[in-house]
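Notes follow once the structure below has been shown.
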Amino acid sequence: MKRRHPGHPWQIQTEEVAKIPSGLDYFSFMNELSTLFTTESESKKNTQGPEWIIDKNPVNTLHVHHFLKEYPQTKAIFLVRDPRANVASRMQSQNLIHGRTNHWRINILRWRGYNRYYNKLKDQFPHQIHLLRYEDFALNPQQHVDELCDFLRIHRITLESPNPIPSAHIDQNAARLVKKYRDLNAPINPHAINRWSEILDQEIIEAIEDICKTEMDFFGYSRKTRVQVPIPIKFRFLVRCYNLKEKLIFSLPLSLKLKRLE
């Protein structure tokens, strides 16, 4: 983590890794792991365990049913965004910073694959999953924060003017971190919702709307075209390989996962 995030203020107590006992459940393990990410000179464990463990990662969609089943206290917030805006954002991102492909066909097939999981998850875990559309939140943030607080069963909070996250401590040469803090400090911009129409050409828009037509209709995204566009086999194959790789990695022993990170 230090190598991947140079300039971050975490002080990782590497000698404590060996002290984590084996056979812990997920939440106990995460509590022990928290000792490795501290800004104090000496890590101090929370012996009662953390109140919340939050993990924001789209690939969790492939595995979240395990957590929802094994740990009933788990809450999943399913965030969906207009596929056209999603593709436009990824096409504009700097690939070297994110370490991800910006090819729109692969990204749109991933979008479709991930969002197809929603119905199955909602049917299986109706009280543990909450749907939030990015566009609805951007247009009416307070209403949807209230709904999220109710879903999480925590006290409602009032959104005030943005409180910038301090970034003076980061290494300004670390492009990934600079972009991360810049994005976090940016205010919610409802005008960005339809910016995809200025970025994508007509051919890409037609393809996205055809590939994702079922999911777009379900989530309430209006389509502008009704053109049928075939998907090249190689892109279908690449996305299937990607999903298979993620599912296999999820099942690997922890020691192998750590070696993969190294």
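No lab work stands behind these numbers, since they all come straight from the coordinates. Please read all numbers here as calculations on a predicted model, not as lab measurements. Don't worry about glycine lacking a Cβ; one is built from the backbone with ideal geometry, like all the others, and counts go over all protein chains shown.
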Pseudo-spin-label distance Lys224 to Glu51, built 7 Å along Cα→Cβ, given in nm, is 4.5
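Could you sort 204-212, 136-144 so that the peptide with the highest average Cβ count within 10 Å comes first and the rest follow in order?
Numbers: 204-212: 21.0, 136-144: 14.3.
Result, highest mean first: 204-212, 136-144.
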Taking the Cα-to-Cβ direction at Phe235 and at Arg116 and moving 7 Å from each Cα, how far apart do the two end points lie in nm?
1.5
Is the shape of region 57-261 rounded, prolate or oblate, going by the alpha carbon gyration tensor and its root eigenvalues a ≥ b ≥ c, with a/c under 1.5 for rounded and a/b larger than b/c for prolate?
rounded
Can you tell me which aspartates and glutamates have their Cα less than 14 Å from the Cα of Lys257? Leave out same-chain residues fewer than eight positions away.
Glu246
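At a 10 angstrom cut-off on C-beta neighbours, averaged per residue, how do the peptides 81-91, 114-124 rank from highest to lowest?
So the peptides 81-91, 114-124, ranked by packing, come out 81-91, 114-124.
Excluding Ile188 itself, what net charge comes from residues whose Cβ is under 15 Å from its Cβ, given Lys and Arg +1 and Asp and Glu -1? Each step should come with its number before you reach the end.
Working: positive: Arg81, Arg133, Arg182, Arg195; negative: Glu135, Asp136, Glu160, Asp183.
My count for the surroundings of Ile188 gives 0.
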Want the number for Arg156 to Asp123: 0.36 nm per residue separation, take away the alpha-carbon distance, what's left?
9.2 nm
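Contour minus end-to-end for Cys149 and Glu203, with contour as 0.36 nm per residue of separation and end-to-end as the Cα-Cα distance?
Details: separation 54, 0.36 × 54 = 19.44 nm, distance 4.06 nm.
Contour length minus the Cα-Cα distance gives 15.4 nm.
Hey, which of these cross-link pairs are over 27 Å Cα-Cα: Lys56/Lys120; Lys56/Lys179; Lys120/Lys180? Don't skip to the answer; put the middle values down first.
Numbers: Lys56/Lys120 20 Å; Lys56/Lys179 17 Å; Lys120/Lys180 32 Å.
Cα-Cα > 27 Å for Lys120/Lys180; rest within.
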